[in-house]
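Peer 1: Mind having a look at this structure? Questions to follow.
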Amino acid sequence: MPALAASKKQLPLERPNILIVTADGLGAYMLGCYANTEIRTPNIDRLSQTGVRFTNAFASTPAAPEPGPHDAALSDALAGAGYNVNSGNSSGAEFLDAQTPAKPFFLTLTWPSPASVTVAQKDVDQYAKTSFEAMGWEPAAPNATHKEMLKDVPGNLRKYAAGITTLDVQLAALSAKLQQRNLWENTLVIFTSSHGFLAGHHGLWGDGTASDPVNMYEEVVRVPLIWTWPSRFPPQTVRNDVVSSHDLLPTVCELTHAVPPAAANRDGQSYLTFVYGRRLPKKQSWHDVVFARLRNTEMARDDRYKLVLRDQGKGPGELYAEVTDATEKENQYDNPQYVNVRDRLTAALAAWRARSGA
């Protein structure tokens with residue numbers, strides 16, 4: 001009982017409802033708020049204007065199926081903290097209709113891949129004259145695993161873009177439902193993606209498995225991440241801090257004072273200070289490298305460079321200078337000028353591998 005009383009005292013007087021929307025196969029580059037000029041995502045863009053947008057958020061595994069960052073550990077933690085917990089692939093309307101301001105809720109919604117969304121022909125037609133040249137697609141690469149989709153990239157992109165726009169409309173419906181139920185003002189909305197998508201980039205179509213061997217290109221590992229809580233988080237804020245999907249669990253737990261399960265992944269670190277637009281305390285450091293793994297391929301990424309190793313360095317490696325080579329065309333792995341960067345990230349990757357027990 002004393003321990004229970006102590007844990008209750010730690011909880012803030014006001015805790016937000018939490019809605020996490022995780023899209024499947026939606027790269028950050030596909031959204032207007034991330035500088036895309038060809039795909040229409042007005043509602044996601046509007047959400048980013050009302051809150052905090054991270055420009056360097058990365059998936060821990062760039063392929064489906066992959067549990068989102070709001071996995072069972074986070075649901076268990078918030079249920080233990082007194083939240084009504086639910087998840088699903090639908091609109092969440094029925095669950096939201098049952099909620100009241102008296103008790104906070106935690107709702108996770110998973111959006112399907114834009115490729116599997118049923119879209120009206122009119123939504124496809126709005127992209128009829130779009131060439132998608134600004135997105136930089138290329139002819140099929142020799143190691144592409146879905147060459148059939150690369151025979152007509154603009155045509156397939158029109159369907160994919162229509163699927164994204166169709167899903168974008170659902171965000172407006174969610175916002176309207178929250179306002180209708182008088183829940184909007186105290187609801188934290190987090191929008192992200194489980195992984196990105198190569199839409200003809202590097203001559204590939206799909207996620208990290210779009211090539212053989214698998215890849216860790218920016219289009220599949222960099223994901224959107226937007227946090228909005230009216231009157232709490234500073235609007236129109238852009239953060240360039242390097243964060244991972246592993247960091248979401250500790251961040252939400254810090255905000256709600258929830259206790260993560262003992263078996264939860266401990267690789268993440270809370271970035272709540274960044275969401276509030278503040279600086280870290282002088283004695284507190286932030287991890288400057290994030291990691292990802294898919295099959296035999298691993299990635300270490302900081303704010304300037306990306307290292308990709310296969311078979312723990314025994315296979316072909318890649319090193320990209322992201323600041324000067326954002327499209328990742330120049331592999332610097334064997335360049336003597338980058339040996340210090342390569343060795344530093346290799347050591348960081350080895351330490352992460354040891355921590356994660358791989």
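The values are calculated or read from the model by the stated rules, or taken from the named source; none is laboratory data. Predicted model only: the values in this text are computed from it and were never measured. Here the Cβ positions follow ideal geometry from the backbone for every residue, glycine too, while neighbour counts run over all protein chains shown. What goes into the accessible areas is simple: the full protein's heavy atoms, side chains included, and nothing from ligands, DNA or RNA. Shrake-Rupley method; radii C 1.70, N 1.55, O 1.52, S 1.80 Å.
Peer 1: Projecting each Cα onto the charge dipole of segment 206-267 (Lys/Arg +1, Asp/Glu -1 at the beta carbon, about the Cα centre), which of V259, S244, V221 comes out farthest on the positive side?
Peer 2: So the residue furthest toward the plus end is V259.
Peer 1: Another question about this same structure. Evaluate Rg over Rh across segment 190-261, taking Cα atoms for both radii and Kirkwood's formula for Rh.
Peer 2: A ratio of 1.09.
Peer 1: For segment 95-158, which whole-number percentage of the solvent-accessible area (1.4 Å probe, protein heavy atoms only) is attributable to carbon and sulfur atoms?
Peer 2: Accessible surface attributable to carbon and sulfur in segment 95-158 totals 56 percent.
Peer 1: Please list the equivalent ellipsoid semi-axes of segment 82-166, computed as the square roots of five times the alpha-carbon gyration tensor eigenvalues, in descending order and whole angstrom.
Peer 2: 38, 16, 10
Peer 1: While we're here: On a full-extension model of 0.36 nm per residue, what is the gain between E94 and T37, subtracting their alpha-carbon distance, rounded to one decimal in nm? Working shown, then result.
Peer 2: Numbers: separation 57, 0.36 × 57 = 20.52 nm, distance 3.49 nm.
Length gained between E94 and T37: 17.0 nm.
Peer 1: Select from P16, P336, P260 the residue whose mean-square fluctuation is largest in a Gaussian network model of the chain (Cα-Cα springs shorter than 10 Å).
Peer 2: Highest fluctuation among the options: P336.
Peer 1: OK, next. When the chain is treated as a GNM, springs tying every alpha-carbon pair under 10 Å, which of V275, V339, V153 comes out with the largest mean-square fluctuation?
Peer 2: Result for the chain, Cα springs under 10 Å: V339 fluctuates most.
Peer 1: A follow-up question, please. Suppose all protein chains stay in the model; what accessible area per residue would a 1.4 Å probe give for the chain, in Å²?
Peer 2: Ligands and nucleic acids excluded, the result is 46 Å² per residue.
Peer 1: Please give the Cα centre distance for segment 290-308 versus segment 25-63, rounded to the nearest Å.
Peer 2: 21
Peer 1: Could you sort 125-133, 235-243 so that the peptide with the highest average Cβ count within 10 Å comes first and the rest follow in order?
Peer 2: 235-243, 125-133
Peer 1: Which of the peptides 166-175, 208-217, 283-292, 93-102 is most tightly packed, and how do the rest follow, judged by the mean count of other Cβ atoms within 10 Å per residue?
Peer 2: 208-217, 166-175, 283-292, 93-102
Peer 1: Moving to a separate point now. Please list the helices of the chain that count as membrane-span-like by this rule: a mean Kyte-Doolittle hydropathy of at least -1.0 together with Cα atoms stretching 18 Å or more along the helix axis, each helix being a complete DSSP H run. Before the final figure, lay out each step's value.
Peer 2: On the way: long enough: 153-180 (41 Å, 0.19); 339-356 (25 Å, -0.13).
Once both thresholds are applied, what remains is 153-180, 339-356.
Peer 1: With no solvent and one equal point scatterer placed on each C-alpha of segment 43-188, evaluate the Debye formula and give log10 I(q)/I(0) for q = 0.16 Å⁻¹, two decimals.
Peer 2: So the normalised log intensities work out to -1.10.
Peer 1: Hey, another quick one. Considering Cα pairs under 8 angstrom that are at least six residues apart, work out the relative contact order of the chain and quote it in whole percent.
Peer 2: It comes to 24 percent, rounded to a whole number.
Peer 1: Tell me the Kirkwood hydrodynamic radius of the chain in angstroms, computed as one over the mean inverse distance between distinct C-alpha pairs.
Peer 2: 21.3
Peer 1: Suppose we look only past 22 Å in the calculated P(r) of segment 213-358. What percent of the Cα-Cα pairs does that tail hold? Numbers along the way, then the final one.
Peer 2: On the way: 4908 of 10585 pairs.
When every Cα pair of segment 213-358 is considered, 46 percent fall beyond 22 Å.
Peer 1: Mind checking which of R304, R342, R40 has the largest fluctuation in a GNM of the chain, springs on alpha carbons under 10 Å?
Peer 2: R304
Peer 1: To the nearest Å, what is the center-to-center distance of segment 188-223 and segment 110-137, using C-alpha atoms only?
Peer 2: After rounding, the separation between the Cα centres reads 16 Å.
Peer 1: Extending each Cα 7 Å along its Cβ direction at T273 and K147, get the distance between those two points in nm, one decimal.
Peer 2: So the two model labels end up 5.2 nm from each other.
Peer 1: How high is the relative contact order of segment 196-244, given as a whole-number percent (alpha carbon pairs under 8 Å, six or more residues apart)?
Peer 2: Relative contact order for segment 196-244 comes out at 26 percent.
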